[in-house]
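Structure incoming, see below.
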Amino acid sequence: MSEDVQGQAAEESESSESSEATIAVHWREEGYYPPPPKFIGQANASDPAILDRFAEANFPECFREYADLLHWDEYWHTTLDTSNPPFWKWFVGGKLNASYNCVDRHLARDRNKAALIWVPEPEDAGDTVITYQELYRRVNEFAAVLQDLGVQAGDRVTLHMPMVPELAVTMLACARLGVVHSQVFAGFSGGACGHRIADSDSTILITMDAYYRSGDLLDHKVKADEAVEAARKEGTEVEKVLVWRRFPGQYSAKTPMVEGRDVFVDELLADHRGAVVEPVSMPAEAPLFLMYTSGTTGRPKGCQHSTGGYLSYVAGTSKFYQDIHPEDTYWCMADIGWITGHSYIVYGPLSLGTTSVIYEGTPNYPDAGRPWRIAERLGVNIFHTSPTAIRMLRKVGPDEPAKYDYHFKHMTTVGEPIEPEVYRWYYSTVGKGEAVIVDTWWQTETGGFIGTGLPALFPMKPGSCGPAALGIYLDILDENGDPIPKGSGKAGNITVRNPWPGIFQTIWGQPDRFVSTYFAKYNKDPDSKDWHDWPYFAGDGAVQAEDGYFRILGRVDDVINVAGHRLGTKELESSALAVEEVAEAAAVPVIDDVRGRAVEMYISLKPGYSADSGVEAKVKAAIETDIGKIARPKNIWIVPDMPKTRSGKIMRRVIAATSNFADIGDITTLANPEVVEQIRHQVQNAKHAKGEVPRELTEAEEAEIKAFGSE
Ligand code: WTA
């Protein structure tokens, strides 16, 4: 890449201060890339007046602009009700239906426009193009199936589906009836799915028999049987398992269908050909879906999202940040099983009536040119993916994009911090220097982007997500709740000062945990009815540069972000602890050049057991069964003892430093400091032997490792 495209010269910014409470970070400030004039000329948000409209003085009414993108059966009377902090209510009095907004209302003008283009993984299989009319038909027919089963507004239904258009159809059919869907990522195990079924009290599971991943047709139905079993152990009986078939009429799984419980969806649909189901008009505050995510305890959190606030927020951010126009072909190469896919494959793009591409398989199947062939063939002009996918495609096919004739106007990166070097490859090689990049910082909890710049108005800066999103007022606070000024070079906890329509409403069934996890840290008066007293604590460390751009450093809690997927250390550890031989377990992140972070697990054995008993394989298997393959540790180290404080707590930061060859830091407060050197010797020698010595860590990575694990 030539130097001139970097725009402004890079300036050096340094800070050397460091204290216990505040992590000091210093690195080179990156240069800016200006958005191309051609992009600015056509952008949905190119007039800086939009920034004034969303200025704090216009809060909360500014968010009318988002809600007005939707069709309301009844207009709301109160934009924001803050009477019961921090349980905010948006657009109170309003009624709408999400499925109507994503499907029906586009029929008049765009009946025959592609709503979804599904690209199956096998490259010789043709695409499935689903027009808005066809989507309408499919959503109605499946809604009729659900209705027939007696499912009603407010009921929860768990989905465990792969990347097929039937997943979007299922979500929209639930939304049509006001039924709360809870989609579990298909890569999660049956056990993990069963746990979520029980937590949400779903009596219906909707799944698919099989799907393609890296060239194999995987048997997925087997996970449904495991899920039902796991839910039963927790006291929830699944009454019906609805099985979509990857090839309708032909069963591709080995496990038998259970008489009376399991049914093929294609057979049920046959009885509902042409059915039309009236969309149920839902209060804005009615929950639309649950999305589970990991936290600091072993119990995943069912983040509950609203219908009106959420849909307004994803429609607004899709319009202004994804710059979606009706004529665009938009491809978000992420999984619908994560919040990214809910907001920016299904609800955001469809609410705007655009064409959204869904790809079944892995990005590099059968080779690293696959995404670019798809982009070329379909004329994709907006592309959206994660740093992990970008790192991987860069590693295995750095020259592939140049071979294909596609042209992006816009690209997104989401889910993890992106290294400036990787960002630059994305910009110049994938984007061919023609596309803007929006780096979007947000979370399952936030519903949509909350830290990112409007692409026509803010120049890009590699590694920074940019300023706060419209109507979002971000602060970085220190441990005492005092703001850390921009440009100080000091990192702290990033917080949102105000409520916004996309924020989740609560943790399903755990309202106290909702308050304690996200609001208690910086709330000084639990009785306050003033929203200003309830900053949202995101759980991420961040630093704000002089120009106001935020740089997200990663989690400050016990969560490891592997390839953009949040894994709770407690969940990983409790799986390991279920293995008979294991006395203690600790999971830590290790810097990984493709996946961002990987998991390493340290275990100590109960007296009388030896490491030869296959314990390593047992721990791996336990994690795969409880969570899924994605969580499989890169290494499992069986150590004589864990470094502990005098009160017996495992010092995760010490082992994290060991795994990453980082500075071990102060160990004088340990009860057993001698074990540190022993473990370091064991682990680092083994890593040398395996060729797994990491590159030198950046300042930010050092800081993250140092801060890892609550002690
Ligand atoms: C991280 C994914 C840096 C962050 C949408 C956050 C990011 C967690 C970015 C949420 C980004 C997300 N830059 N880090 N642009 N986006 N993160 O809930 O640590 O799966 O808290 O939502 O991912 O992950 P989640």
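Which of the residues that make up segment 685-707 are more than 18 Å from ILE560 (Cβ to Cβ) and touching a helix residue (DSSP H, G or I) at 6+ places or on another chain (Cβ under 7 Å)?
VAL693
While we're looking at this one, here's another question. Hey, can you tell me all the residues within segment 638-657 that are within 29 Å of the chain's Cα centre (by Cα) and not in a helix (DSSP H, G or I)?
We begin by selecting, within segment 638-657, every residue within 29 Å of the chain's Cα centre (by Cα); these are 650-657.
Hits for segment 638-657 are ILE650, MET651.
OK, next. Out of the residues in segment 401-412 that are touching a helix residue (DSSP H, G or I) at 6+ places or on another chain (Cβ under 6 Å) and outside any helix (DSSP H, G or I), which is nearest to the ligand (Cβ to nearest atom)?
LYS409
Can you give me the number of residues within segment 195-223 that are open to solvent by 10 Å² or more (accessible area, probe 1.4 Å) and in contact with a strand residue (DSSP E or B) (Cβ under 8 Å, 6 or more places away or on another chain)? Don't jump to the end; show me each part of the working.
Going through segment 195-223, the residues open to solvent by 10 Å² or more (accessible area, probe 1.4 Å) turn out to be 195-196, 198-199, 201, 203-204, 211-219, 222-223.
If we keep only those that are in contact with a strand residue (DSSP E or B) (Cβ under 8 Å, 6 or more places away or on another chain) as well, we get 196, 199, 201, 203-204, 211-212, 217-219, 223.
Number satisfying all stated conditions: 11.
Shifting gears a bit: Regarding LEU470, is this residue buried (at least 24 other Cβ atoms within 10 Å of the Cβ), touching a residue at least 60 places away in the same chain (Cβ under 8 Å) and more than 9 Å from the ligand (Cβ to nearest atom)? Explain how you work it out, then say what you get.
Numbers: buried (at least 24 other Cβ atoms within 10 Å of the Cβ): yes; touching a residue at least 60 places away in the same chain (Cβ under 8 Å): yes; more than 9 Å from the ligand (Cβ to nearest atom): yes.
Yes.
Then there's this: Would you confirm whether or not segment 50-59 contains a residue that is at pLDDT 95 or above, touching a helix residue (DSSP H, G or I) at 6+ places or on another chain (Cβ under 6 Å), part of a loop (DSSP other than H, G, I, E, B) and over 13 Å from GLY309 (Cβ atoms)?
Checking segment 50-59: at least one residue is at pLDDT 95 or above, touching a helix residue (DSSP H, G or I) at 6+ places or on another chain (Cβ under 6 Å), part of a loop (DSSP other than H, G, I, E, B) and over 13 Å from GLY309 (Cβ atoms).
Any idea which of (1) modelled with pLDDT under 95; (2) farther than 28 Å from VAL496 by Cα; (3) not in a loop (DSSP other than H, G, I, E, B) is the one TYR602 doesn't satisfy?
(1)
Which residues, counting only those in segment 678-700, are open to solvent by 70 Å² or more (accessible area, probe 1.4 Å) and either aliphatic (A, V, I, L, M) or at pLDDT 90 or above (or both)?
Selection gives GLN678, ARG680, HIS681, ASN685, HIS688, ALA689, LYS690.
A further question follows. Restricted to segment 310-326, and to residues that are outside any helix (DSSP H, G or I) and more than 14 Å from the ligand (Cβ to nearest atom), which residue is modelled with the lowest pLDDT? If you could, list the steps in order and put the result at the bottom.
Within segment 310-326, the subset outside any helix (DSSP H, G or I) is 321-326.
Subsequent filtering for residues that are more than 14 Å from the ligand (Cβ to nearest atom) retains 323-326.
Numbers: ASP323: 98, ILE324: 97, HIS325: 94, PRO326: 86.
Only one residue tops the list, namely PRO326.
Looking at (1) open to solvent by 30 Å² or more (accessible area, probe 1.4 Å); (2) in contact (Cβ under 8 Å) with a residue 40 or more places away in the chain; (3) away from the ligand (no atom under 16 Å from the Cβ), which is the only condition LYS606 fails?
(2)
Do any residues in segment 161-173 that are over 21 Å from ALA192 (Cα atoms) have Cβ atoms under 6 Å from those of residues that are open to solvent by 10 Å² or more (accessible area, probe 1.4 Å) and aromatic (Phe, Trp, Tyr), where the two are at least six apart or on different chains, and which pairs are they?
PRO165/TRP118; GLU166/TRP244
Suppose the filter is within 16 Å of the ligand (Cβ to nearest atom) and open to solvent by less than 10 Å² (accessible area, probe 1.4 Å); does GLY451 pass it? Give the steps one after another, and end with the answer.
Numbers: within 16 Å of the ligand (Cβ to nearest atom): yes; open to solvent by less than 10 Å² (accessible area, probe 1.4 Å): yes.
So GLY451 fits the description; yes.
Next up: Just to be sure before I move on: is VAL675 open to solvent by less than 60 Å² (accessible area, probe 1.4 Å), under 22 Å from GLY568 (Cβ atoms), β-branched (Val, Ile, Thr) and at pLDDT 90 or above in the structure I sent?
No; evaluated as a whole, the condition is false for this residue.
Turning to a different aspect of this structure: Give me a count of the residues in segment 327-369 that are of a type outside the set (Val, Ile, Thr) and part of a loop (DSSP other than H, G, I, E, B). Working first, answer last.
Residues of segment 327-369 of a type outside the set (Val, Ile, Thr): 327-328, 330-335, 337-338, 341-344, 347-353, 356, 359-361, 363-369.
If we keep only those that are part of a loop (DSSP other than H, G, I, E, B) as well, we get 327-328, 333-335, 337-338, 352-353, 360-361, 363-369.
So the count comes out to 18.
Further question on the same structure: Under the condition of being more than 25 Å from TRP441 (Cβ to Cβ) and free of Cβ contacts under 8 Å to residues at least 40 places away in the same chain, which residue from segment 334-369 is nearest to the ligand (Cβ to nearest atom)?
ASN364
For GLU573, state whether it is more than 16 Å from the ligand (Cβ to nearest atom) and crowded, with 20+ Cβ neighbours inside 10 Å.
Working: more than 16 Å from the ligand (Cβ to nearest atom): yes; crowded, with 20+ Cβ neighbours inside 10 Å: yes.
In short, yes.
Here are the criteria: (1) modelled with pLDDT under 95; (2) part of a loop (DSSP other than H, G, I, E, B). Tell me which single one LYS706 does not satisfy.
Answer for LYS706: the failing condition is (2).
Could you tell me which residue of segment 432-448 is nearest to ILE382 (Cα to Cα), considering only residues that are assigned to a loop (DSSP other than H, G, I, E, B) and within 15 Å of the ligand (Cβ to nearest atom)? Break it down stepwise before answering.
Quick first cut of segment 432-448, residues assigned to a loop (DSSP other than H, G, I, E, B) only: 432-435, 442-443, 447-448.
Adding the requirement that they be within 15 Å of the ligand (Cβ to nearest atom) leaves 442-443, 447-448.
Details: TRP442: 19, GLN443: 21, GLY447: 20, GLY448: 17 Å.
Step by step, filter segment 432-448, then rank; the result is GLY448.
Shifting gears a bit: From the list GLY302, GLY295, which one is modelled with pLDDT under 95, in contact with a Ser or Thr (Cβ under 7 Å, 6 or more places away or on another chain) and within 16 Å of the ligand (Cβ to nearest atom)?
Sole residue among the options that is modelled with pLDDT under 95, in contact with a Ser or Thr (Cβ under 7 Å, 6 or more places away or on another chain) and within 16 Å of the ligand (Cβ to nearest atom): GLY295.
Continuing with this model, one more query. Among ALA617, ALA585, ALA578, which is the only one that is more than 16 Å from the ligand (Cβ to nearest atom), free of Cβ contacts under 8 Å to residues at least 60 places away in the same chain and either open to solvent by less than 30 Å² (accessible area, probe 1.4 Å) or under 21 Å from the mean Cα position of the chain (by Cα) (or both)? Full working, then the answer.
Working: ALA617 fails: either open to solvent by less than 30 Å² (accessible area, probe 1.4 Å) or under 21 Å from the mean Cα position of the chain (by Cα) (or both); ALA578 fails: either open to solvent by less than 30 Å² (accessible area, probe 1.4 Å) or under 21 Å from the mean Cα position of the chain (by Cα) (or both).
Being more than 16 Å from the ligand (Cβ to nearest atom), free of Cβ contacts under 8 Å to residues at least 60 places away in the same chain and either open to solvent by less than 30 Å² (accessible area, probe 1.4 Å) or under 21 Å from the mean Cα position of the chain (by Cα) (or both) holds for just one of ALA617, ALA585, ALA578, which is ALA585.
Same structure again: Take the residues in segment 514-554 that are basic (Lys, Arg) and within 16 Å of the ligand (Cβ to nearest atom), then tell me which one is least open to solvent (accessible area, probe 1.4 Å).
Kept after step one, since they are basic (Lys, Arg), are these residues of segment 514-554: 521, 524, 529, 551.
Remaining after also requiring within 16 Å of the ligand (Cβ to nearest atom): 521, 551.
On the way: LYS521: 87, ARG551: 47 Å².
This residue is ARG551.
Let me ask something else. Within segment 418-426, identify whether any single residue is in contact with a helix residue (DSSP H, G or I) (Cβ under 8 Å, 6 or more places away or on another chain), touching a residue at least 24 places away in the same chain (Cβ under 8 Å) and near the ligand (Cβ under 8 Å from one of its atoms), and answer yes or no.
Yes, segment 418-426 contains a residue that is in contact with a helix residue (DSSP H, G or I) (Cβ under 8 Å, 6 or more places away or on another chain), touching a residue at least 24 places away in the same chain (Cβ under 8 Å) and near the ligand (Cβ under 8 Å from one of its atoms).
With the condition kept exactly as written, say whether any residue in segment 296-309 is crowded, with 24+ Cβ neighbours inside 10 Å, more than 17 Å from the chain's Cα centre (by Cα) and part of a loop (DSSP other than H, G, I, E, B).
Yes: segment 296-309 contains one or more residues that are crowded, with 24+ Cβ neighbours inside 10 Å, more than 17 Å from the chain's Cα centre (by Cα) and part of a loop (DSSP other than H, G, I, E, B).
The values are calculated or read from the model by the stated rules, or taken from the named source; none is laboratory data. From a predicted model like this one, the values you see are computed outputs, not experimental measurements. Neighbour counts run over all protein chains shown; Cβ positions are idealised from the backbone, glycine included. For accessibility, only protein heavy atoms count, side chains too; no ligands or nucleic acids. Shrake-Rupley method; radii C 1.70, N 1.55, O 1.52, S 1.80 Å.
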